[in-house]
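The structure appears right after this line, and notes come after that.
The values are calculated or read from the model by the stated rules, or taken from the named source; none is laboratory data. Just so it is clear, the structure is predicted and the values come from calculations on it, not from any experiment. Note that we place each Cβ from the backbone using ideal geometry, even for glycine, and neighbour counts take in every protein chain shown. For the accessible areas, the whole protein counts, side chains as well, though only heavy atoms, and no ligand, DNA or RNA atoms are used. Shrake-Rupley method; radii C 1.70, N 1.55, O 1.52, S 1.80 Å.
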Amino acid sequence: MNIWGLDYAGRPFVLFDAAHVAVLSVVLVLNLLLVAWRGRGGIRGRLVFRYTVAGVLLVNEAAWFAWHYTTGQWNIQTILPLHLCSVMVYVGAAALVSRRQALYEPLYFLGISGAFQALLTPNLGPYGFPHFRFLSSFVSHGLILSAPVYLTVVEGLRPTWASLWRTVVGANVYLGLVGGVNWLIGSNYLYIARKPETATVLDAFGPWPWYIIGMEAMAIACMLLLYAPFAIGDRRARAAVHRL
């Protein structure tokens, strides 16, 4: 079985089949372990973890480029790292290494939102387990999801109300820039020129361009949901202070 080639004779990807559920379970367990780990392992252990995950993200991305090149699919319409999760690979690696708040904020809101959707409804076409595309996609999106979880529960970074809206504004500016790139080169980065060929949550939002509005509303709703635990915690902390 050729697990690297373009023509794959193995079992195609099937949404929520045994292989899909298994990798989703691995991602869930990994994040639960991160929450349980918290600050254990000391400074050196945390440093090793951060640099290891950053390295895996970048090596996996390099392998992704190599796969496109060796299978004759290298072209600017599909290979530029302009999709949300492609950008989050580099943001995630940089955030893990530097622990900078400015990198953490978009990684938390956009990385978790985008990776969660991609994990549930991946755009894999015929490439099921154990093809490289299957493994690479889940490694990338799984670690994009886990990186902000780690930075939050272990390193103590957290989003703010202001950072949520900074992320919304920044994401819309980026959306406009990528839309211009799509118009110039005939690409479909961010899936704003047309929907993915495989079934995704975007199918629930109607035809173009209406699904883009639905996509944005869903993104903002996800960000608000991600911020909700911190908003609730802040409210409880203020209430406790007032009771003193």
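Below, the figures for the structure above:
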read-out	value
Of all residues making up segment 190-202, the number that are surrounded by 14 or more Cβ atoms within 10 Å (Cβ to Cβ) and more than 22 Å from Gly180 (Cβ to Cβ)	2
Output for segment 1-51, where each listed residue is basic (Lys, Arg) and at negative phi	Arg11, Arg40, Arg44, Arg46, Arg50
Tabulated pairs, segment 131-143, first touching a residue at least 60 places away in the same chain (Cβ under 8 Å), second open to solvent by less than 20 Å² (accessible area, probe 1.4 Å) and among the hydroxyl-bearing types (Ser, Thr, Tyr), C-beta under 7 angstrom, 6+ apart or interchain	Arg133/Tyr127; Phe134/Tyr127
Test: residue in segment 36-46 that is among the aliphatic types (A, V, I, L, M) and open to solvent by 80 Å² or more (accessible area, probe 1.4 Å)	yes
Among (1) surrounded by 16 or more Cβ atoms within 10 Å (Cβ to Cβ); (2) part of a loop (DSSP other than H, G, I, E, B); (3) of a type in the set (Phe, Trp, Tyr), the one test that Tyr211 misses	(2)
Among residues of segment 59-75, those that are among the hydrophobic types (A, V, I, L, M, F, W, C) and surrounded by fewer than 14 Cβ atoms within 10 Å (Cβ to Cβ), counted	5
Residues within segment 133-157 that are farther than 19 Å from Leu84 by Cβ, touching a helix residue (DSSP H, G or I) at 6+ places or on another chain (Cβ under 6 Å) and either among the acidic types (Asp, Glu) or surrounded by fewer than 22 Cβ atoms within 10 Å (Cβ to Cβ) (or both), tallied	2
Segment 3-23 residues that are open to solvent by 50 Å² or more (accessible area, probe 1.4 Å), paired with ones that are in a loop (DSSP other than H, G, I, E, B) (beta carbon under 6 Å, 6 or more apart)	Ile3/Pro130; Ile3/His131; Leu6/Thr71; Arg11/Gly128; Pro12/Pro126; Pro12/Gly128
Subset of segment 124-176 that is assigned to a helix (DSSP H, G or I) and of a type in the set (Phe, Trp, Tyr) - its residue that is farthest from Gly111 (Cα to Cα)	Phe132
